[in-house]
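Undergrad: Here it is, the structure, as structure tokens.
The values are calculated or read from the model by the stated rules, or taken from the named source; none is laboratory data. Computed from a predicted model, the values in this text were never measured in an experiment. Quick reminder, even Gly has a Cβ in these numbers, built from the backbone with ideal geometry, and neighbours come from all protein chains shown. SASA here: full protein model, heavy atoms, side chains in, ligands and nucleic acids out. Shrake-Rupley method; radii C 1.70, N 1.55, O 1.52, S 1.80 Å.
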Amino acid sequence: MLKIGITGGIGSGKTTVCQIFKTLQIPIFFADDEAKNIVHHNQHVQEQIIALLGEEAFIDGIYNKPFVASKVFNDKYLLQQLNAIIHPAVFQATVDFFNQHKKEAYVLYEAAIMLESGSYRMLDKIIVVTAPENIRIQRVMQRDGINEDMIKARIANQMPEAEKLKYADFVINNDGKQSLIEQVLATHHAILKLT
């Protein structure tokens with residue numbers, strides 16, 4: 001079984017590309033969704049987050065995302081500490097997922113910051129989904145209802161797309177001009193040839 005990473009900057013269209021892979025019956029592990037699930041349901045992780053950031057991190061047992069974001073957004077040390085709590089739990093869930101799907105030709109591991117976090121090292125190949133920045137900004141404004149400055153701040157916090165592309169074994173261009181379905185199918189067949 002090949003472990004294939006899929007990543008891309010905010011608004012690049014990773015989720016849309018993953019939906020197409022899903023129609024091909026490819027199992028997909030969504031690392032960011034799993035991280036949210038762990039934060040909301042793993043009591044040990046919750047206790048560590050409270051110890052790091054204080055009682056306000058959870059209100060009546062509910063993760064207080066705006067408070068946590070305000071604490072870690074401009075404090076790289078706190079962000080690293082928060083990630084050091086969440087990442088090991090996500091890593092264990094990833095290992096479990098890989099073990100469940102050993103018989104598959106390949107599986108996808110989707111994560112926004114796999115290159116930044118180093119989790120790409122456990123993968124065999126990387127797919128980078130790319131799109132022009134102006135298109136990405138428009139997509140996120142429509143999806144999340146936030147302003148352009150907030151999106152640009154998030155983009156500035158992510159690895160530049162040109163840097164991400166250096167890690168890519170496969171590139172899917174989601175500029176709205178090229179067929180996503182055709183690109184996913186071509187990538188799918190290329191991966192199958194490696195198995």
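Undergrad: Out of ALA112, ALA190, ALA186, report the one residue that is over 30 Å from GLN46 (Cβ atoms) and either assigned to a loop (DSSP other than H, G, I, E, B) or free of Cβ contacts under 8 Å to residues at least 12 places away in the same chain (or both). Before you say what the answer is, go through the steps one by one.
TA: Details: ALA112 fails: over 30 Å from GLN46 (Cβ atoms); ALA190 fails: either assigned to a loop (DSSP other than H, G, I, E, B) or free of Cβ contacts under 8 Å to residues at least 12 places away in the same chain (or both).
It is ALA186.
Undergrad: When you go through (1) part of a helix (DSSP H, G or I); (2) among the hydrophobic types (A, V, I, L, M, F, W, C); (3) surrounded by 12 or more Cβ atoms within 10 Å (Cβ to Cβ) one by one for ALA162, which number turns out not to apply?
TA: Going through the list (1) part of a helix (DSSP H, G or I); (2) among the hydrophobic types (A, V, I, L, M, F, W, C); (3) surrounded by 12 or more Cβ atoms within 10 Å (Cβ to Cβ), ALA162 breaks only (3).
Undergrad: On to the next question. Which residue pairs have Cβ atoms under 6 Å apart, sit 6 or more places apart or on different chains, and have a first residue in segment 66-87 that is open to solvent by 60 Å² or more (accessible area, probe 1.4 Å) and of a type in the set (D, E, K, R) and a second that is at pLDDT 90 or above and assigned to a helix (DSSP H, G or I)?
TA: Qualifying pairs under 6 Å: LYS71/LEU53; LYS71/LEU78.
Undergrad: For ALA89, which of the numbered conditions (1) modelled with pLDDT under 90; (2) in contact with a His (Cβ under 9 Å, 6 or more places away or on another chain) fails to hold?
TA: For ALA89, the exception is condition (1).
Undergrad: Taking segment 171-182 as the region of interest, how many residues are touching a residue at least 60 places away in the same chain (Cβ under 8 Å) and either among the basic types (Lys, Arg) or open to solvent by less than 40 Å² (accessible area, probe 1.4 Å) (or both)?
TA: First, pick out the residues of segment 171-182 that are touching a residue at least 60 places away in the same chain (Cβ under 8 Å): 172, 174, 180-181.
Keeping just the survivors that are either among the basic types (Lys, Arg) or open to solvent by less than 40 Å² (accessible area, probe 1.4 Å) (or both) gives 172, 174, 180.
The number of residues fulfilling the criteria is 3.
Undergrad: Considering only residues of segment 31-65 that are in contact with a strand residue (DSSP E or B) (Cβ under 9 Å, 6 or more places away or on another chain) and over 13 Å from ILE86 (Cα atoms), which is least open to solvent (accessible area, probe 1.4 Å)?
TA: Going residue by residue through segment 31-65, those that are in contact with a strand residue (DSSP E or B) (Cβ under 9 Å, 6 or more places away or on another chain) are 31-33, 36, 39-40, 46, 49-50, 57, 64.
Subsequent filtering for residues that are over 13 Å from ILE86 (Cα atoms) retains 57, 64.
On the way: ALA57: 0, ASN64: 27 Å².
Selected residue: ALA57.
Undergrad: Inspect segment 89-104 for any residue being open to solvent by less than 70 Å² (accessible area, probe 1.4 Å) and within 13 Å of SER12 (Cα to Cα) and give the result as yes or no.
TA: no
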